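The values are calculated or read from the model by the stated rules, or taken from the named source; none is laboratory data. From a predicted model like this one, the values you see are computed outputs, not experimental measurements. Cβ placement follows ideal geometry from the backbone for every residue including glycine, while neighbour counts extend to all protein chains displayed. Side chains are part of the model used for accessible areas, which takes the heavy atoms of the whole protein and leaves out ligands, DNA and RNA. Shrake-Rupley method; radii C 1.70, N 1.55, O 1.52, S 1.80 Å.
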Amino acid sequence: MNLNYTAEELAFRDEVRAFLDEKLPADIAAKVKGFRRLSKEDHQRWQKILNEQGWYATHWPEEYGGVNWSPVQKHIWDEESSRYGAPRSVPFGVNMVAPVIIKFGTEEQKQRYLPRILTGEDWWCQGYSEPGAGSDLASLKTRAVRDGDHYIVNGQKTWTTLGQHANMIFCLVRTNTEVKAQEGISFLLMDMDTPGITVRPIITLDGEHEVNEVFFEDVKVPVENLVGEEDKGWTYAKYLLTYERTGLAGIGISKAALQHLKELATRRTKNGRPLIEDASFSQRIAKVEIDLMAASISNLRIIASVEGGGMPGAESSMLKVRGTEIRQTINDLARRAIGPYAIPFVEEEMDLDYDGDFLSDENAAPVTPQYFNNRKLSIFGGSNEIQKNIVSKMILGL
Ligand SMILES: Cc1cc2nc3c(=O)[nH]c(=O)nc-3n(C[C@H](O)[C@H](O)[C@H](O)COP(=O)(O)OP(=O)(O)OC[C@H]3O[C@@H](n4cnc5c(N)ncnc54)[C@H](O)[C@@H]3O)c2cc1C
């Protein structure tokens with residue numbers, strides 16, 4: 001195992017840096033680095049720039065417009081783009097439904113959907129979870145009944161991230177109630193403008209509109225929108241989740257969050273001295289920094305093993321648990337660093353062009369919303385408890 005970059009990889013890193021220096025819009029980078037709110041338009045603008053460079057679909061085969069980077073190249077991209085303050089791509093189209101369409105879709109589906117994902121014409125959202133089906137996803141109840149050339153869909157999805165921006169949704173639906181739960185599920189693509197689909201916002205603890213409920217009432221979906229075979233959707237769903245879990249550790253973002261924490265602790269004072277000089281607080285920062293370095297090395301180990309032809313197994317679950325715990329610890333320390341200013345927070349301060357008085361200061365504005373928002377990290381993409389179950393099964397054989 002070699003954890004050092006080769007000369008080619010270093011040259012690639014230089015190319016990435018030159019691109020980010022030249023093309024990353026300063027206003028978008030300022031929002032990302034300041035942990036501020038990004039608009040739909042910000043995401044679309046950055047996507048367009050990446051697509052023009054040919055770097056939007058990093059792991060698609062070249063024949064479909066991807067770059068097919070190696071795991072090390074993807075890692076370099078993640079590290080550098082986080083460091084520069086580039087937004088992470090909204091994953092539902094490019095990283096989730098696209099790999100499924102590429103592997104299991106028809107030629108027509110590939111021709112129709114893949115180019116529209118690249119150009120940003122379609123914004124996808126993910127319709128897996130339901131009020132009674134989260135960790136136990138196979139118990140989902142949204143029903144699709146075949147009626148001639150269509151399916152008629154009835155039911156509800158929930159926690160649908162950025163569904164308010166989406167014009168397309170990929171859903172797991174029940175097409176057979178006579179068989180074992182996992183065997184009666186299908187994977188359907190739906191146009192969000194189809195009559196009978198209603199999107200309702202869920203406002204989260206940080207006051208943001210990030211997730212939604214989506215209701216389906218007698219929604220008519222053409223059968224050609226079925227991916228793969230009827231009742232085989234569970235296989236495709238699991239394939240998609242392997243893509244969802246990669247990158248959830250968010251090492252690059254945690255490095256940026258740690259830097260932000262250090263800046264906060266340098267500006268805040270305790271008994272007249274910068275907080276970062278306080279022995280107990282600086283020890284806590286040092287501990288999380290060491291944990292982050294260890295997670296970063298584990299990440300590189302996994303990348304080296306994938307590069308050598310291995311498959312990430314329990315390691316990606318371990319990394320998801322550690323990575324998300326680290327991020328939540330950093331958020332918690334930032335919350336402690338701003339002390340009483342963490343209790344109330346002003347939503348408008350999250351806009352970069354906010355010109356009112358800050359409750360504390362500009363730097364502290366995103367601390368509490370971040371703290372609340374990132375409670376999600378240990379829940380979505382398979383909760384941390386579920387990841388621990390996977391680790392205990394795969395490694396301890398329990
Ligand atoms: C911000 C956010 C965005 C999301 N975005 C999307 C999206 O875009 N699309 C989508 O389909 N879904 C999305 N989800 C849903 C997410 O996948 C589910 O929340 C997650 O799978 C957990 O399901 P649940 O919320 O129903 O909790 P439950 O499954 O009810 O779990 C409740 C608690 O019990 C624990 N638990 C459950 N089963 C076990 C077990 N067997 N062993 C040990 N502990 C267990 C869980 O870890 C958790 O702590 C999102 C969730 C959040 C919070």
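Size of the range 125-177: Rg and Dmax of its alpha carbons, in Å, are 11.6, 33.
Taken along its three principal axes, the alpha carbon spread of the range 7-89 comes to 34, 28, 19 Å, from the longest extent down to the shortest. Sorted into 5 angstrom bins from 0, the C-alpha pair distances of the range 249-394 split as 2, 9, 17, 17, 18, 13, 10, 7, 5, 2, 0, 0 percent. Counting only protein heavy atoms and a 1.4 Å probe, the chain has 49 square angstrom of accessible area per residue. Based on C-alpha pairs under 8 angstrom that are at least 6 apart in sequence, the chain has a relative contact order of 15 percent.
With Rg and the Kirkwood Rh both taken from Cα atoms, where does Rg over Rh land for the chain?
On the way: Rg = 22.0 Å, Rh = 22.6 Å.
In the chain, Rg relative to Rh is 0.97.
Computed on protein heavy atoms with a 1.4 Å probe, the accessible areas place 64, 128 in the order 64, 128, largest first.
Comparing 302, 189, 236 along the charge dipole axis of the range 176-332, the residue lying farthest to the positive side is 302, per the Cβ-charge model.
Phi angles across the range 364-370 convert, under the Karplus curve 6.51 cos²θ - 1.76 cosθ + 1.60 with θ = phi - 60°, into 3J(HN,Hα) values of 8, 3, x, 4, 5, x, 4 Hz, Gly and Pro given as x.
Dipole of the chain computed with +1 at Lys/Arg Cβ and -1 at Asp/Glu Cβ about the Cα centre; of 105, 4, 152, farthest Cα towards the positive end is 4.
Remark on residue 125: its backbone amide H falls under 5 Å from those of 168, 169, 170, a criterion applied only to residues 5 or more positions apart or on other chains, H modelled at 1.01 Å from N.
Looking at the calculated P(r) for the range 21-145, what percent of the C-alpha pair distances fall above 17 Å? Roughly 64 percent, rounded to a whole number.
Karplus-derived 3J(HN,Hα) values for the range 126-138, using 6.51 cos²θ - 1.76 cosθ + 1.60 with θ = phi - 60°, are 10, x, 9, 5, 10, x, x, 9, x, 4, 8, 5, 5 Hz; glycine and proline are entered as x. Toward the positive end of the charge dipole of the chain, with +1 on the Cβ of Lys and Arg and -1 on the Cβ of Asp and Glu, the farthest Cα among 198, 282, 179 is that of 282.
How would you classify the range 123-230 from its alpha-carbon gyration tensor, with a ≥ b ≥ c the square roots of the eigenvalues: rounded for a/c under 1.5, else prolate if a/b is greater than b/c, otherwise oblate? Oblate is the answer for the range 123-230, as a/c is 1.5 or above yet b/c matches or exceeds a/b. In this structure the amide hydrogen of residue 269, modeled in the peptide plane, comes within under 5 Å of the amide hydrogens of 275, none closer than 5 places in sequence on its chain. Think of each Lys and Arg Cβ as +1 and each Asp and Glu Cβ as -1; about the Cα centre, that makes the dipole of the chain roughly 1360 debye. Here the Karplus relation 6.51 cos²θ - 1.76 cosθ + 1.60, evaluated at θ = phi - 60°, turns the backbone of the range 20-25 into coupling constants of 5, 4, 7, 10, 6, x Hz, with x for every Gly and Pro. Rolling a 1.4 Å probe over the protein heavy atoms leaves residue 62 with an accessible area of roughly 130 Å². When only alpha carbons of the range 57-104 are considered, Rg and Dmax amount to 11.5, 36 Å. With the whole protein complex present, residue 103 retains an accessible surface near 120 Å², based on a 1.4 Å probe. Across the accessible surface of the chain, with the other protein chains kept in place and a 1.4 Å probe, carbon and sulfur atoms take up 51 percent.
Ranked highest first by average number of other Cβ atoms within 10 Å, how do 388-397, 321-330 line up?
Working: 388-397: 12.9, 321-330: 22.3.
With the highest mean Cβ count within 10 Å placed first, the list reads 321-330, 388-397.
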